[in-house]
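Taking it in order: structure first as structure tokens, then the write-up.
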Amino acid sequence: MAGAALLDHFSALDDPRQPGKVLYPLPEVMLLVLCATLAGAEDFVEVRLWGQEKLAFLRSLLPFRRGIPSHDTLNDAINALDPELFGACFTAWVEGLREDEPDIVAVDGKTSRRARRGGDHPLHVVSAWATRQRLVLGQQAVGSKSNEIIAIPLLLERLHLTGALVTIDAMGCQTRIAQTILNRGADYLLALKDNQPSLAGEVEMFFQTPEAQAADAFETIDADHGRIETRRHWVSHEVDWLTTDRRFPGEPRFPGLKAIAMVEAMVERNGAVSTARRYFISSLPIDTRMLARAVRAHWGIENRLHWVLDVVFHDDLMRLRTNHGPKNMATIKHMAMNLIRSAAGKDSLKSRRKAAAWNHDYLHKLITRTAQ
């Protein structure tokens, strides 16, 4: 059946339930939750209600011989799935959506503030975002006793990154992460900040020299809502002086380092002017135009992924708290995001979700990826 084609990518998932007690097959559960999420359902009670109303549509995709499971059954099934294996299946599925290699991949984390249990930390997920294609390539949940520095390499090692430029904020400015990116056949552009105080200070001092200031800068100007922002970009490929003697004399401070960069942003609003400077390192000998494009593209993960998850999918209101439910629902929302974004047309994502709720043909096209 047409709906089963999408779920074929998840055939590696083991059903954790006892085989003799399974009344509702896992593919049916997954299809129901995904379709209901596309159509606007925000918890398992709403998923069940949607499924009861749309049972005829669901049966056009999979048998659903026993009808729609209870919300408790849905909750138990999603909670029990192995999130690491589910995430790997998601990554394999996304490979089929990509038309070509992503040129810039932004990596950043997002917290689902209500997805926590008692005094535990809320769910924090690091995602990889193909900025040109606007696709979520993969995600990795951060452990309760871990941080993004541990999660980012785990995510990168699952992705096909050959030829891409991976951009990460200052949290990801670590030699291990840089080496992982290079090992995947990609290049990095990493923001510098207080987590690398010595290196950040040296790069900042370099761009204060007359020679660096005299170099040609690429300038961009944005103006909206009474705010004018002028950004100037500098790049230097003179990085031989950035060495360390920790293992051997003359060892590069970061693996594969080819360029350092500075972006100066001057913002004018209501007659007041503020200036901020940001610093970067890269394994790619980028020019100032490429720097401007990459830095701007990185913020797409905030505007086009995290913001959409909060505003369109109401991710901050998610109340799943136990077992693997929060992590697995984050993956399902990323699936829904990719399917909705792949559809043709100029309607907003919010309008597309409503269309999926109202129009069976449109929802069927989303699931079978014939809405492009």
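Structure data summary
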read-out	value
Matching entry among ASP187, ASP169 (being charged (D, E, K, R), open to solvent by 10 Å² or more (accessible area, probe 1.4 Å) and under 17 Å from the mean Cα position of the chain (by Cα))	ASP169
Test: residue in the stretch 266-287 that is in contact (Cβ under 8 Å) with a residue 40 or more places away in the chain, open to solvent by 50 Å² or more (accessible area, probe 1.4 Å), touching a His at 6+ places or on another chain (Cβ under 8 Å) and not small (Gly, Ala, Ser)	yes
Test: residue in the stretch 289-308 that is more than 23 Å from GLY172 (Cβ to Cβ), open to solvent by 50 Å² or more (accessible area, probe 1.4 Å) and out of contact with any Cys (no Cβ under 6 Å at 6 or more places or on another chain)	yes
Entirely in the stretch 173-269, the helices (runs of 4 or more DSSP H) that have 2 or more residues that are in contact with a Pro (Cβ under 7 Å, 6 or more places away or on another chain)	175-183
Test: residue in the stretch 139-156 that is touching a residue at least 24 places away in the same chain (Cβ under 8 Å), more than 24 Å from TRP307 (Cα to Cα) and of a type in the set (Gly, Ala, Ser)	no
Helices (runs of 4 or more DSSP H) (entirely within the stretch 14-112) containing at least 3 residues that are aliphatic (A, V, I, L, M), open to solvent by less than 70 Å² (accessible area, probe 1.4 Å) and within 24 Å of SER351 (Cα to Cα)	26-38
Matching helices (runs of 4 or more DSSP H) fully within the stretch 314-369 where at least 3 residues are over 26 Å from LEU123 (Cβ atoms) and in contact with a helix residue (DSSP H, G or I) (Cβ under 6 Å, 6 or more places away or on another chain)	360-368
Residue match in the stretch 327-335 (condition: over 30 Å from ALA88 (Cα atoms) and open to solvent by less than 30 Å² (accessible area, probe 1.4 Å))	no
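Yes or no, residue by residue, for (1) under 17 Å from MET335 (Cα atoms); (2) among the polar types (S, T, N, Q):
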| residue | (1), (2) |
| --- | --- |
| TYR24 | no, no |
| VAL29 | yes, no |
| PHE64 | no, no |
| ASN75 | no, yes |
| THR91 | yes, yes |
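The values are calculated or read from the model by the stated rules, or taken from the named source; none is laboratory data. Since this is a predicted model, take the numbers as computed values, not measurements. Glycine gets a Cβ as well: all are built from the backbone with ideal geometry, and neighbour counts include every protein chain shown. Keep in mind that these areas ignore ligands, DNA and RNA; they rest on the heavy atoms of the full protein, side chains included. Shrake-Rupley method; radii C 1.70, N 1.55, O 1.52, S 1.80 Å.
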